[in-house]
1. Kindly provide the set of residues from region 73-111 that are closer than 16 Å to Asn34 by Cβ and of a type in the set (Phe, Trp, Tyr), ordered by number.
2. Is it the case, given these coordinates, that Val101 is of a type in the set (Val, Ile, Thr), modelled with pLDDT of 95 or more and more than 14 Å from Phe16 (Cβ to Cβ)?
3. It is to be established whether one or more residues within region 30-40 are more than 30 Å from Pro129 (Cβ to Cβ) and either out of contact with any helix residue (DSSP H, G or I) (no Cβ under 8 Å at 6 or more places or on another chain) or basic (Lys, Arg) (or both).
4. Only one of (1) charged (D, E, K, R); (2) in contact with a His (Cβ under 7 Å, 6 or more places away or on another chain); (3) surrounded by fewer than 11 Cβ atoms within 10 Å (Cβ to Cβ) fails for Arg78. Which number is that?
5. Say whether the condition of being in a strand (DSSP E or B) and either over 10 Å from the mean Cα position of the chain (by Cα) or more than 15 Å from Val44 (Cβ to Cβ) (or both) is met by at least one residue in region 94-101.
6. Given the criteria surrounded by fewer than 16 Cβ atoms within 10 Å (Cβ to Cβ), touching a strand residue (DSSP E or B) at 6+ places or on another chain (Cβ under 7 Å), part of a strand (DSSP E or B) and at pLDDT 95 or above, does Glu68 qualify?
7. So which residues in region 47-75 are among the aliphatic types (A, V, I, L, M) and either touching a helix residue (DSSP H, G or I) at 6+ places or on another chain (Cβ under 8 Å) or in contact (Cβ under 8 Å) with a residue 24 or more places away in the chain (or both), if there are any at all?
8. Could you grab me the full set of residues in region 109-145 that are among the charged types (D, E, K, R) and surrounded by fewer than 14 Cβ atoms within 10 Å (Cβ to Cβ)?
Amino acid sequence: MSVVPKEEDRGNYRRFLEIPTRWMDNDVYHHVNNVNYYSYFDTVVNEYLISQGVLDYEIGDVVGFVVETCCQYHRPLRFPDVIDAGLRVSKIGNSSVRYEVGLFRRGDDAVAATGHFVHVYVKRPEMRPTPLSDALRAALEKIAV
C-alpha cells in the first residue's frame, strides 16, 4: 500500500536558501536526476549551520553524521531552474536532530520535493555520539517547528 504524501507549502519552512540548478544536474529524461536532490538537502542544512557559526567542518571537535535520509518527489525540476530550498527542524534530541527540507522552483508555491536528514553529532576523533552544544541547540531552535 502506498502512502500519498501531504504536500507542503512555503509557509511551513523557517529558512530558505536559493540554489541554482546546473546543466550537469539534468539527466537523459530532461529533469534533475534524483541523486542531486540529496546534494541540495545537504547544501541547505550545512549552509545554515555554517552561517550560524555552529559547524566547523575542517577542524571542529563535533560533526554531524547523516544516519537517515528520505526524499519524496512531487514534480520535476530542470536546469536552468533556481530552487528555493526550505529548511526546518522537526526534532531535537540529545545528540541528534531531524532536518526537514522542501524544494520549490523559484516562483512556484507547489513543492517539487520533500525530504529529511537525521544527523547524529559525534565527537572527533572517537566518532562517538555527543550531546548537542548549547550554541547548536539554540541555532536549531530558531528553525524548529
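The values are calculated or read from the model by the stated rules, or taken from the named source; none is laboratory data. Note that the structure is predicted; figures quoted are calculated from it, not measured. All Cβ positions, even for glycine, are placed from backbone atoms using ideal geometry, and neighbour counts span all protein chains on display.
1. Listed by number, the residues that qualify are Tyr73, Phe79.
2. Values: of a type in the set (Val, Ile, Thr): yes; modelled with pLDDT of 95 or more: yes; more than 14 Å from Phe16 (Cβ to Cβ): no.
Here the answer is no, as Val101 does not meet what is asked.
3. yes
4. All conditions pass for Arg78, except number (3).
5. Among the residues of region 94-101, at least one is in a strand (DSSP E or B) and either over 10 Å from the mean Cα position of the chain (by Cα) or more than 15 Å from Val44 (Cβ to Cβ) (or both), which makes the answer yes.
6. Yes, satisfied.
7. Here is the first cut: in region 47-75, the ones among the aliphatic types (A, V, I, L, M) are 49-50, 54-55, 59, 62-63, 66-67.
Correct list: Leu49, Val54, Leu55, Val62, Val63, Val66, Val67.
8. Taking region 109-145 first, the residues among the charged types (D, E, K, R) are 109, 123-124, 126, 128, 134, 137, 141-142.
Scanning region 109-145 gives Asp109, Arg124, Glu126, Arg128, Asp134, Glu141, Lys142.
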